[in-house]
Every structure is written in C-alpha cells, then in structure tokens.
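Please treat every number below as a calculation from the coordinates, not as lab data. On a predicted model such as this, the values are computed, not experimentally measured, just so you know. Positions of Cβ are generated from backbone atoms using ideal geometry, with glycine treated the same way; all protein chains shown enter the neighbour counts.
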Amino acid sequence: MLQTVHVELGERSYDVEIGPDLLKQSGARIAPLLHRPKVAVLTDENVADLHLDALRDGLAAAGIQMSSLALPAGEATKSWPHFERAVEWLLAEKIERRDVVVAFGGGVIGDLAGFAAATLRRGVRFVQIPTSLLAQVDSSVGGKTGINAPQGKNLIGAFHQPSLVLADTSVLGTMTQRDFLSGYGEVVKYGLLGDAAFFEWLEATGTDVFGGDMAARVRAVTRSVQMKADIVARDETEQGDRALLNLGHTFCHALEAATGYSDRLLHGEGVAIGCALAFELSSRLGLCSQEDPSRVRAHLRTMGMKTDLADIPGDLPGAEALVDLMAQDKKVIDGQLRFILARGIGQAFVTSDVPREAVLSVLEDALATV
Ligand code: GLY
C-alpha cells in the first residue's frame, strides 16, 4: 500500500512516503540522511501523548536516539515566544549543521519546526512527519515554513524544503472527526483546482476516506500530494502557478480574520466554504456552468462539512467588511485582489481581473441566508 511521490526540485528534491505504519519504519527511512544516529524532534503535547512512543520505537529500531520538545498544541504556538523556545532548545541539544530536525505534528508544528530548521545555524535539514490530514496533503509538502505575526498569519517565514516527508496514514485514526473533515477540505480543493476525475472519485468514495478505509485514505493523500508536488516543482516560490493551491483561500482568509482565527472556523473548513464561493463567483462571471457550484456544495454537504456562511456559528461582518479583509491578504499585489477562479471542475486559473461588485454580490447573497 506504500506510495512514494517525488518532489523534483533539483538539489532540493525529496520524497514523500505515504502509507500505514510508517512510524515503525521511521528509523530505517531517516537513517540514510544522518551523519550520526541522533535526531531532535519538535512536536506538540497532544501528538506527543498519542504517538511519541511509537516514533521513539521506530527510530530506535534503526539505532537512532531522539530527544524531543513538546510545545502546546494550537495556532498560538506559531509565534515568536515558542519559536525562540524551539531554537534555543535545538541549540541546547547541540544540533549541528549536518544534523536533522524532525517536525512531528500538524501544520503548526511543521511550519514552526521548519522555520526553526531554516534559521538554525543558517539552515539545517529537517524531516516532516505530519500527523494531521491537512498537514499530510498540504503544509508538510512544498517548503513553506514560518510563524504568525500580530499583523497576520504566516507573515514571518522562509521557503525551506524538507529532506523527506513521512505521511503515516494510520496516525490519522486518532484525529477528531471535525479536524479530519477540515483537512478533507484541502483534499477536495485539489480535485476542484486541477483533476475532475479525482473530484468524481471523491464524490463516490469520500465517505470511505472519512470512514477509515485505509486504501482510500492512501489514495486520497497520494493524489493530493502528487498534485501539490507537480505545482511546487513548476513554481517553488509562488511566482505564478503555485497560487492555484490557494483556491478558496481569498474568501477563507477573510472569514478566518472575521472569526478571529478561533475554533468558530478551522482553516480547512474555511477553504471548503471558500471553494464553494469561488465556484459561485466563477459561475456568475459566466466562466463555468451553474451546475458546478451546486455540485461542489452537494459533495461538501454529503460529507457533513461546513458549506455555507450560515454554517459558521456567530455573527459575521457585512459583505463590504469581508471584501476589505480580503484586501489585507498577503497575496494582494499592487493593491489588486487575486482570485483563483474556475472554468469548470478541475480547471482553475489565477486572475486579478475580478470586479469588486461581483465579489460583493456573491457575499451579499451568501450572507442573506445566514
Ligand atoms: N498551502 C499553499 C502552498 O503551499 O502554496
């Protein structure tokens, strides 16, 4: 069942291994990267409780010793104080230039540990062992690392590619249903942005992926990672095509800001709602058929996911305020909002040519149902 996706980036190329029980093989897989049998693991307290013993055993099976630092779980950890703590711990552990740091957790730990590795001694290598669906299909691949600033999310960081990614799909079994479905929002995004056949497969099989069918989970993660790897290989630093990965994100970032980055709306939930809104906008601009947004929303509903603005608990600001929040997105160029729109399912493209009135009207109608 084990799958390998190669991310082709010249001398920064690496493999993403995907399949069940990879933690058991972690030592054998990491050993070829090491100059001495020792790694430093950054993780969070929840992941440490659930899975750190399995990682320690997997590493020990290949004679590798590990030391670990478990930071608090949650987005607040992606901040200067915890970054400082992580880097100082790595220095105290005497991690050298040729050593390897392991990021063992979800997107928060992957981003923070990757950024710590990018800056420690001007850059040490790191291995991503993502433990959430969102991290396995998105944040562990592609080398975006960083922390949040008071001014916004992910505003401080670096591109620093991992040397290896081990996506153990067995570990997903300990996720809450809500967190799993949030990560599934990113899986759906891949079908919508570039692979209509994958979206059709998700329509038919998504409930199996959710229900725990391991072969289906491996296939969903593998296809998502393949798509991301292809895009990152074409455009590592997001000068063009990589922006396709932000389908649904312009709406999502405004909604996340409007809900205070709280658990009223998880990132992948915002992505799913954002994808539905991006297809609605595309349809109103005459780019895709009217059936496409209905089909997107039908699949999200079937999966029991947040689909509409009405699914977000609490009050939301008006349409004008939401568009203003979009304008603060860090992907704005020369003040122009950038949207990922679609000519159909699996046919996304990047454009700055979207009339503000069209965005306002989509949001006004969506808010009218709240
Ligand atoms: N999550 C979007 C990207 O990696 O570019």
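Below is a table of values for the structure above.
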read-out: Contact order normalised by residue count of the chain, Cα under 8 Å, 6+ apart, percent; value: 15 percent
read-out: Simple label model, 7 Å out from Cα along Cβ direction - GLU88 to THR369, nm; value: 5.0 nm
read-out: Dimensions in Å of the chain - Rg and Dmax from alpha carbons; value: 20.0, 62
read-out: For the chain, with +1 on Lys and Arg beta carbons and -1 on Asp and Glu, the positive-most of PRO293, VAL354, PRO72 along the dipole; value: PRO72
read-out: Net charge over other residues, Cβ less than 10 angstrom from the Cβ of ILE95 (K, R count +1; D, E count -1); value: +2
read-out: Estimated inter-spin distance, ASP57 and SER170, nm [label 7 Å along Cα→Cβ]; value: 0.8 nm
read-out: Separation between Cα centres of the range 1-68 and the range 159-193, rounded to whole Å; value: 17 Å
read-out: Inter-label distance for TRP80 and GLU320, nm, one decimal - labels placed 7 Å from Cα along Cα-to-Cβ; value: 3.5 nm
read-out: Under 15 Å from the GLN65 label point (7 Å along Cα→beta-carbon), backbone N, the range 6-49; value: 35-41
read-out: When each of LYS38/LYS94; LYS24/LYS189; LYS78/LYS306; LYS24/LYS228 is checked by Cα-Cα distance, pairs over 20 Å; value: LYS24/LYS189; LYS78/LYS306; LYS24/LYS228
read-out: Sequence-separation-based contact order of the range 104-176, relative, with Cα cut under 8 Å and 6+ spacing, percent; value: 35 percent
read-out: Helix-derived mean residue ellipticity, 222 nm - over the chain, DSSP H n ≥ 4, -39500 (n - 2.57), to 500; value: -14000 deg cm²/dmol
read-out: Pairwise centroid distance, computed over Cα atoms, of the range 273-319 with the range 202-253, Å; value: 18 Å
